[in-house]
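First up is the structure itself, then whatever we jot down about it.
Just so it is clear, none of the values below were taken in a lab; they were calculated from the coordinates. Quick caveat: nothing in here was measured; it's all calculated off a predicted structure. In this analysis, Cβ positions are derived from the backbone assuming ideal geometry, glycine residues included, and neighbour counts consider all displayed protein chains.
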Amino acid sequence: MFDLLITNAHIIDGTGQPGFHGEVGILDGRISYVAHTPKTVSEHEAEAPHESRARQMIDAHDQVVVPGFIDLHSHADFSIMADPAAQTQLRQGVTTALVGNCGSSPFPARSVTQIQRDNAHLDAEFTAEWTGARGYSEAVDDVGPGINIALQVGLSSIRSYVIGSNDAAPDSQQLDAMKRQIVEAAEAGVYGFSSGLIYAPGMYSQPKEVAALVAEAAESDLLYSTHMRNESHSLLAAVDEAIDAATAAGARLEISHLKAMGPENYGLPALALERIEKARDGGLDVKADVYPYTASSTRLTSRLPGYAMDGGQEALLEQLSDPVQRSKIAGDMAARFGKDIDPEGVVIAALGSGDTDHDYTWAIGESIAQIGRKEGCTAEEAAMRLLSAHGASVGIVNHAMAPEDVAKVLSHPLVSVASDGWTLRPKGEGMPHPRSFGTFVRVLGKYVREEGLITLEEAVRKMTSQPAERLRLEDRGVISQGKVADLAIFDADSVRENSTFDDPWQLASGVSTVLVAGNLAVNEGEVASERHGTVLRKR
Ligand SMILES: [Zn+2]
Ligand SMILES: [Zn+2]
């Protein structure tokens, strides 16, 4: 007898194979039975045997049953403790998130409070203390997350811990200490090592240093995920840097959120994909991921010249209080306008706690160009004012990509779907990027159903077996006997995003059921109060 039996299902198993009508049986948290069944079964025939077959039945009514989606690119590590329910993810069918991306992880930590402050734009809120990956994992498990969390350790976090936030190269002792942090995190069960080479202090790591750390990560069989050094005019050089480091190390490489920003650079993602294909032909295990939007979301400080963040946010605030230095930073930012930064497209999404005399909460949802017009100053000066008033902690949504590039990347078979979002409560403040609410269902609704860009089976593969393979998560990502019963059921005709840039606080619709390890996490479209996720630990 099964614990749970799903009948009348259109099963799409995650491998990319065509869907089929069938049943899925679950016992002890795992899939114990998958069968093709004929589509027409009379009421009588269907019901009689079922009662003795399972303790609980779900009639899928021909809805699609898929493996729970695996988000290869999440920043939920900063928000999951304050928002363990993960409703924004569960309502899309996401059951596992890989965190620690873009070089940033909540460990190693000297000061959990400082890490929380530096990541205010990710709704960072911590309720415990830790130093390393092991302590952090235990703290998340104590809270009890609604989805599974797989960890990575970030280069910027390691660098902050060992060297600080300065633009300085590590000496050999410091480099060894950084390597030891990778080994320690690997021993605690993290799945990957990430870099964010546009963010301070990771951006101060020269290619040789990054390569040495990637080699250490490869020794521990970690995935190397990279937010590359450039995503605009030097995109291809940045792809080459990532490929070279991974090739020399023998590492598995994941190119995060592949895109090109700024009209001059549109079309470059196609060339980046060619380089990825060529590297694979040469034997490198490299793939990429994408979120299905033409806007990014990040911190405003990442749009400043590198020297601005030398020494961290405190040092930036000091530089901004010096008129000469302030106009130099503003000038260097403005020099990028019309190239990879459009001041009309840089929209304020969230603000750190502010200076009460100059609070810019009114500016949330407005671009720096609009704010400048209201304040009677330039867009770059508006950016400086916001940073000064809000502790240099300003989150932005940045409209900068071409829809054709997004479609090109999304449809490529080597590319997985990933959100670059985090867990949010259903209602909140600010104007967060809709990707936290809608990435996966947007692909299913807009790109599969409405535009026919890719098939439903292919979209599901990009959300399940492909990310699982990247992580070597052997017991997740496909529907087959023996796998963990992380599953989602949705109506392919109505599944959709509701969150938009103008009205982001909207949960997805169309996903009726989500199981996490065989437990009902979403039932009849509503998130259950009990939470069943766990921190996954790589063995
Ligand atoms: Zn990134
Ligand atoms: Zn990211």
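Please determine, in degrees from 0 to 90 and to the nearest 10, the orientation of helix 323-334 with respect to the longest principal axis defined by the Cα atoms of the chain, where the helix direction is its Cα long axis.
Orientation of helix 323-334: about 50 degrees from the principal axis.
Under a cut-off of 16 Å between alpha-carbon atoms, report the lysines in cross-link reach of Lys278, not counting same-chain residues fewer than 8 places apart.
Lys287
Calculated from DSSP H runs of 4 or more alone, at -39500 (n - 2.57) each and per residue, what is the 222 nm mean residue ellipticity of the chain, nearest 500?
On the way: 17 runs with 171 residues, N = 539.
After summing the helix terms and dividing by the residues of the chain, the value is -9500 deg cm²/dmol.
What shape does the stretch 377-421 have by the C-alpha gyration tensor, where a ≥ b ≥ c are the square roots of the eigenvalues, rounded means a/c under 1.5, and otherwise prolate means a/b greater than b/c and oblate the rest?
Working: a/c = 6.68, a/b = 2.43, b/c = 2.75.
It is oblate, given that a/c is not under 1.5 and a/b is not larger than b/c.
Need one word for the stretch 199-318: rounded, prolate or oblate. Basis is the Cα gyration tensor (sqrt eigenvalues a ≥ b ≥ c); a/c below 1.5 gives rounded, then a/b vs b/c decides.
Values: a/c = 2.20, a/b = 1.25, b/c = 1.76.
Oblate, because a/c is 1.5 or more while a/b does not exceed b/c.
With θ set to phi - 60° and the Karplus curve 6.51 cos²θ - 1.76 cosθ + 1.60, what are the ³J(HN,Hα) couplings of the stretch 123-135 in order, to the nearest whole Hz, using x for Gly and Pro?
My calculation for the stretch 123-135 gives 6, 4, 8, 10, 10, 8, 10, 6, 10, x, 4, 5, x Hz in order.
Amide H of Thr513 versus every other amide H placed in the peptide plane: which residues, excluding those fewer than 5 positions away on the same chain, fall under 5 Å?
Ile489, Gly525
Spelling out what I want: for every residue of the stretch 244-249, take phi, set θ = phi - 60°, compute 6.51 cos²θ - 1.76 cosθ + 1.60 (Karplus), and round to whole Hz; glycine and proline get x.
Values per residue, Gly and Pro as x: 4, 4, 5, 5, 4, 8 Hz.
Using alpha carbons only, how many angstrom separate the centre of the stretch 521-535 from the centre of the stretch 174-204?
About 32 Å separates the Cα centre of the stretch 521-535 from the one of the stretch 174-204.
Using only Cα atoms, locate the centre of the stretch 471-513 and the centre of the stretch 369-407, then give the distance between them in Å, rounded to an integer.
Measuring centre to centre over Cα atoms gives 32 Å.
If packing is taken as the mean number of other Cβ atoms within 10 Å per residue, what is the order of 443-453, 286-296, 139-149, highest first? Spell out each step's value before the answer.
On the way: 443-453: 17.5, 286-296: 23.9, 139-149: 21.0.
Put in order of decreasing packing, that is 286-296, 139-149, 443-453.
Sort the following peptides by mean Cβ neighbour count (other Cβ atoms within 10 Å, averaged over residues), highest first: 300-311, 402-413. Walk me through the intermediate numbers first.
Working: 300-311: 19.3, 402-413: 17.8.
Going by the mean number of other Cβ atoms within 10 Å, highest first, we get 300-311, 402-413.
Between 0 and 90 degrees, rounded to the nearest ten: what's the tilt of helix 379-389 against the longest Cα principal axis of the chain?
So the helix axis and the longest Cα principal axis differ by about 80 degrees.
Just the number: Rg to Rh for the stretch 250-391, Cα atoms, Kirkwood Rh, two decimals.
Working: Rg = 18.2 Å, Rh = 17.1 Å.
Taking Rg over the Kirkwood Rh, I get 1.06.
Give the cross-link partners of Lys538 among the lysines, using a straight C-alpha distance below 17 Å as the criterion and excluding same-chain residues fewer than 8 apart.
By straight Cα distance, Lys538 reaches Lys483.
For a test of the definition: using alpha carbon positions, the gyration tensor, and the 1.5 limit on a/c, classify the chain as rounded, prolate or oblate. Could the numbers behind the result be given before it?
On the way: a/c = 1.78, a/b = 1.59, b/c = 1.12.
Cα axes put the chain in the prolate bin.
What dipole magnitude, in Debye to the nearest 20, does the stretch 1-132 give about its Cα centre under +1 on Lys/Arg Cβ and -1 on Asp/Glu Cβ? Could you put the intermediate results ahead of the total?
Working: 7 positive and 17 negative charges, 70 e Å.
About 340 debye.
Given charges of +1 on the Cβ of Lys and Arg and -1 on the Cβ of Asp and Glu, with all other atoms neutral, how large is the dipole of the chain about its Cα centre, in debye to the nearest 20? Walk me through the numbers before you get to the answer.
Details: 46 positive and 75 negative charges, 124 e Å.
Result for the chain is approximately 600 debye, rounded to the nearest 20.
Sorted by average packing, counted as other Cβ atoms within 10 angstrom per residue and highest first, what order do 278-285, 98-105 take?
With the highest mean Cβ count within 10 Å placed first, the list reads 98-105, 278-285.
Can you tell me the 0 to 90 degree angle between the C-alpha axis of helix 268-281 and the longest principal axis of the chain, rounded to 10?
Taking the Cα atoms of the chain, the angle to 268-281 is about 60 degrees.
Okay, which of the stretch 500-539 sit inside 12 Å, backbone N to the point 7 Å along the Cα-Cβ direction of Asp221?
Those under the cut-off are 538-539.
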